[in-house]
1. So which strands (runs of 3 or more DSSP E) stay within the range 40-141 end to end and still have 3 or more residues that are in contact (Cβ under 8 Å) with a residue 12 or more places away in the chain, of a type in the set (D, E, K, R) and buried (at least 24 other Cβ atoms within 10 Å of the Cβ)?
2. Whether any residue in the range 334-349 is at pLDDT 85 or above, within 19 Å of Pro148 (Cα to Cα) and not in a strand (DSSP E or B) is what I want to check.
3. Among the residues of the range 164-223, write down those that are assigned to a helix (DSSP H, G or I) and either within 23 Å of Tyr95 (Cα to Cα) or aromatic (Phe, Trp, Tyr) (or both).
4. Residue under question is Val240, and the condition is that it be assigned by TED's automatic domain parsing to the domain that holds Asp315, touching a residue at least 24 places away in the same chain (Cβ under 8 Å), in contact with a Pro (Cβ under 8 Å, 6 or more places away or on another chain) and not charged (D, E, K, R); does it hold?
5. Examine the range 13-20 for a residue that is at pLDDT 95 or above, in contact with a strand residue (DSSP E or B) (Cβ under 9 Å, 6 or more places away or on another chain), surrounded by fewer than 23 Cβ atoms within 10 Å (Cβ to Cβ) and of a type outside the set (Gly, Ala, Ser), and state whether such a residue exists.
6. Which of the residues belonging to the range 224-274 are closer than 15 Å to Glu204 by Cβ, surrounded by fewer than 17 Cβ atoms within 10 Å (Cβ to Cβ) and β-branched (Val, Ile, Thr)?
7. Please enumerate the residues belonging to the range 313-370 that are surrounded by fewer than 20 Cβ atoms within 10 Å (Cβ to Cβ), in contact (Cβ under 8 Å) with a residue 60 or more places away in the chain and under 12 Å from Val295 (Cβ atoms).
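The values are calculated or read from the model by the stated rules, or taken from the named source; none is laboratory data. Keep in mind that what you see is a predicted model, and the values were worked out from it rather than measured. Positions of Cβ are generated from backbone atoms using ideal geometry, with glycine treated the same way; all protein chains shown enter the neighbour counts.
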Amino acid sequence: MRLEPIGDDDPRDVLRALRGAVLGAGPSIALGSADRSIDLPREVPAGTAIVVTTSGSTGVPKSVALSRSALTSSALATAARIGDGAWLLALPAGYVAGVQVLVRSLVSGREPAILSGRFSPEAFAAAAGSMASSVGGVPVPAYTSLVPAQLQRLLDAAEHDDDVLRAVRSFEAVLVGGQALPATVRERAVAAGVRLVRTYGSTETSGGCVYDGVALDGVSLRIIGGEVLISGPTLADGYVGDRERTDAAFVRDSDGTRWYRTGDAGDLDSGALRIHGRIDNVLVSGGVNVSLDRVERAVRSIPGLETAVVVAVPDDRWGEASVIVATRGATDVGLLDRARDAVEAEVGRHARPSRIVLVDELPQLASGKPDRAAARGIAAAPH
């Protein structure tokens, strides 16, 4: 099947292309491959709907092939879990979470509402306000998907803007994923009356496949050696042009079941999945292994540091040390001390961050996730 690169600057272009790739006769489309030194083939196997090229937060590009079957299975399982309705696209259309908002709309037979231009609370409220509709006098439920940074901006604005508050409350469910949701942000959302659903997944699983810790119908979870593995109909076919990486990430057990190795550490508590962070996101400080994900979770429990990023940098004394990169605010005084105390209480004295670097704006990827490679560069630069 022919593979056609599609620019993702205009979500409507992506929607039109997805309509053919997912519901029609094609062609397959490539998203996220513009301006990258990646050679994608002109043809892909029959059944391939999209190829999503993403570097994630590590800066290493990968081109993930997703079939029509995987995408529609994910959309149908989402509807079965949270209900059917109309969707608002507030995420970039070139990333899997945005793609899935559009696919869910296509599968349900409804046109999605699309937030035009850059994300802002005001634009979100205007787009949400345009969604009110009913069938036979019964209101159609509305849904949307956000990353934590967007949710926090909405909550901040909602404190003084009733239009934003009404908008974020109007959704039957607000899916939040892409990175860990700080507990303080979750508590603020619940207090504001926002109906949150925390999602976990990746491009390789057609987006979120675990909602509030529970796998979607048809999806299975297991923990091997502390690593989370996922199986089910939403799995990607693999990485285009990279058989070695595909074979390492997608494995089969003795029964022939195909599993995706997520690289995330986690456990199953009474059947509910808990993620502890990336297995490889560890620094060695003074000979002691320190999980940066655990440190970051503790740091983000401090008011003013809810979106902070914790990275590792070389250290002359300890070999490596953790550094907090955060945005400037009115409560900067004492932030480092409070963060160090929180980390000591949660992880241990050995894990306390060495310093904090304050910036006007945190670097972000187009997906809305933190750009950790850029944050490491900021932390390692002379200050």
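1. Values: elements: 48-54, 62-67, 86-89.
Ranges flagged: none.
2. Filtering the range 334-349 for residues at pLDDT 85 or above gives 334-349.
Checking which are within 19 Å of Pro148 (Cα to Cα) leaves us with none.
No, because not a single residue in the range 334-349 is at pLDDT 85 or above, within 19 Å of Pro148 (Cα to Cα) and not in a strand (DSSP E or B).
3. Passing the criteria: Val168, Thr203, Glu204, Thr205.
4. no
5. Yes, because at least one residue in the range 13-20 is at pLDDT 95 or above, in contact with a strand residue (DSSP E or B) (Cβ under 9 Å, 6 or more places away or on another chain), surrounded by fewer than 23 Cβ atoms within 10 Å (Cβ to Cβ) and of a type outside the set (Gly, Ala, Ser).
6. Val251 - this is the single residue of the range 224-274 that is closer than 15 Å to Glu204 by Cβ, surrounded by fewer than 17 Cβ atoms within 10 Å (Cβ to Cβ) and β-branched (Val, Ile, Thr).
7. Scanning the range 313-370 gives a single hit, His350.
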